[in-house]
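Novice: Below are the structure tokens for one structure; questions will follow.
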Amino acid sequence: MAEYISRIGIDLGSRKAKFALLVDGVVSRLADRDTVTFYKRFGRLEGEELLLDLKASELFSPEELATAAVTVTGYGRNTLSMRGAKVISEIRAHVAGALKQTGLKNFTMLDMGGQDTKVALVTGGKLADFVMNDKCAASSGRYLENMAAILEVSLDELSSHWEEPVPLDATCGIFGESELIGQILRGFPVERLCAGINQTLVKRVIPMLKRFPAEHLVLTGGVALNTALVKLLEKEIGSTVIVPPHPQHNGAIGCAAIEK
């Protein structure tokens with residue numbers, strides 16, 4: 001009977017906890033849960049060590065938990081120690097995920113998550129340099145959620161508009177909300193306001209991207225599901241943006257893909 005090598009990857013993000021099961025290097029299962037809810041139900045601290053009751057979560061079978069190696073990463077620069085798991089840095093996890101999902105060896109990775117943005121330069125399959133913005137959520141998924149709430153539209157609706165964007169120049173998410181309200185009062189249609197919000201994200205990440213120019217740009221994180229942002233980003237950089245098959249689970253896949 002053939003033996004299969006199983007690895008579990010866990011990305012404990014600021015908004016979502018993501019999970020990946022790889023069997024013989026192939027993605028077998030993906031899942032995600034609200035981070036706070038997941039911690040409340042299945043997590044606790046014992047000293048400085050995080051304990052997650054993965055068995056009770058029923059995300060994995062008892063056999064999988066008994067045989068699979070578990071690797072975990074946390075949000076931003078936060079450090080964590082999780083019992084029974086290998087812990088790696090967030091940037092290492094996301095680079096490993098991008099390598100696994102795209103098969104590329106040389107690229108710039110732009111990861112846009114719930115509350116932070118990371119840009120990494122990968123050369124020869126290895127991390128060469130990176131920069132992270134985790135001090136301001138104005139270029140993240142949280143910003144999109146806040147602006148969608150002001151416009152009273154869904155994230156899907158917000159993510160579908162990119163033509164004729166209304167200029168929004170505020171560099172702070174809070175001031176951006178006030179500016180958006182002002183543009184609403186000026187009578188701009190919702191479609192153009194949505195496009196303006198998406199364009200604002202592009203303007204905020206371009207300075208980070210200019211630090212690490214590369215032939216290929218790989219976009220990961222939940223914000224990569226924003227199709228309008230992808231179109232606006234491609235227009236700005238003049239080339240195709242590569243979105244891997246599972247951008248939101250990229251960190252979890254990277255954790256499971258790392259063997260050492």
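Novice: Trypsin sites (Lys or Arg not before Pro), restricted to the range 1-92: which are DSSP loop and have at most 12 other Cβ atoms within 10 Å?
Specialist: Here the sparse-neighbourhood loop sites are 77, 83.
Novice: Residues with amide H under 5 Å of residue 216's amide H, sequence separation 5 or more or different chain, H placed in the peptide plane at 1.01 Å from N; which?
Specialist: When sequence neighbours closer than 5 places are left aside, the close amide H contacts are 108.
Novice: What is the percent carbon and sulfur in the accessible area of the chain, measuring with a 1.4 Å probe over the protein chains and ignoring ligands?
Specialist: 52 percent
Novice: Something else about it: Using alpha carbons only, how many angstrom separate the centre of the range 143-162 from the centre of the range 239-260?
Specialist: Centre-to-centre distance over Cα atoms comes out at 25 Å.
Novice: Follow-up question, since we're still on this one. Taking a threshold of 24 Å on the Cα-Cα distance, which of the pairs 16/86; 105/210; 100/203 fall above it?
Specialist: Checking Cα-Cα distances, 100/203 exceed 24 Å.
Novice: Output the Cα-based Rg and Dmax of the chain in Å, rounding Rg to one decimal and Dmax to a whole number.
Specialist: Just the Cα atoms of the chain yield Rg and Dmax of 19.1, 69 Å.
Novice: Per the Debye formula with a single identical scatterer at each Cα and no solvent contribution, what log10 I(q)/I(0) holds for the range 1-57 at q = 0.16, 0.17, 0.18, 0.30 Å⁻¹?
Specialist: Computed log10 I(q)/I(0) values: -0.57, -0.63, -0.69, -1.22.
Novice: On a 0 to 90 degree scale, rounded to 10, what angle separates helix 227-237 from the longest Cα axis of the chain?
Specialist: Result, in degrees: 70.
Novice: Any idea what the dipole of the chain comes to, in debye rounded to 20, about its Cα centre with Lys/Arg Cβ at +1 and Asp/Glu Cβ at -1?
Specialist: My answer is approximately 560 debye.
Novice: Over the chain, what is the percentage of antiparallel beta bridges among all DSSP beta bridges, to the nearest 5?
Specialist: 70 percent
Novice: In degrees between 0 and 90, to the nearest 10, how far off the longest principal axis of the chain does helix 173-185 point, with axes built from Cα atoms?
Specialist: That works out to roughly 40 degrees.
Novice: Would you mind checking the tilt of helix 141-151 against the longest principal axis of the Cα atoms of the chain, expressed as 0 to 90 degrees and rounded to 10?
Specialist: 40 degrees
Novice: Long-range amide H contacts for residue 128: which residues qualify at under 5 Å (H placed 1.01 Å from N, peptide plane, sequence gap of 5 or more or a different chain)?
Specialist: The list, which skips near neighbours in sequence, is 121, 122, 123.
Novice: Treating the beta-carbon of each Lys and Arg as +1 and of each Asp and Glu as -1, no other charges, what is the dipole magnitude of the range 164-225 about its Cα centre, to the nearest 20 debye?
Specialist: The dipole of the range 164-225 has a size of about 180 debye.
Novice: May I ask for the longest run of the chain untouched by GluC sites (Glu not before Pro) that are loop-located per DSSP and have at most 14 neighbouring C-beta atoms (other than their own) within 10 Å?
Specialist: Counting only loop sites that pass the neighbour cut-off, the longest clear stretch is 59-151.
Novice: How about the range 1-95: which chymotrypsin sites (Phe, Trp or Tyr not before Pro) there are in a DSSP loop, with at most 14 other Cβ atoms within 10 Å of their Cβ?
Specialist: Loop-located and lightly packed - 4.
Novice: With only Lys, Arg, Asp and Glu charged, each at its Cβ (+1 for the first two, -1 for the last two), find how big the charge dipole of the range 179-260 is about the Cα centre; round to the nearest 20 debye.
Specialist: The dipole magnitude comes to about 220 debye.
Novice: Roughly how many Å² is the accessible area per residue of the chain, as a whole number, for a 1.4 Å probe?
Specialist: About 50 Å² of surface per residue is accessible.
Novice: Given H placed on each backbone N at 1.01 Å, which residues far from residue 221 in sequence or on other chains put an amide H within less than 5 Å of it?
Specialist: 112, 248, 250
The values are calculated or read from the model by the stated rules, or taken from the named source; none is laboratory data. Values in this document were obtained by computation on a predicted structure and should not be read as measured data. Quick reminder, even Gly has a Cβ in these numbers, built from the backbone with ideal geometry, and neighbours come from all protein chains shown. Calculation scope for accessible area: heavy atoms of the full protein, side chains included, ligands and nucleic acids excluded. Shrake-Rupley method; radii C 1.70, N 1.55, O 1.52, S 1.80 Å.
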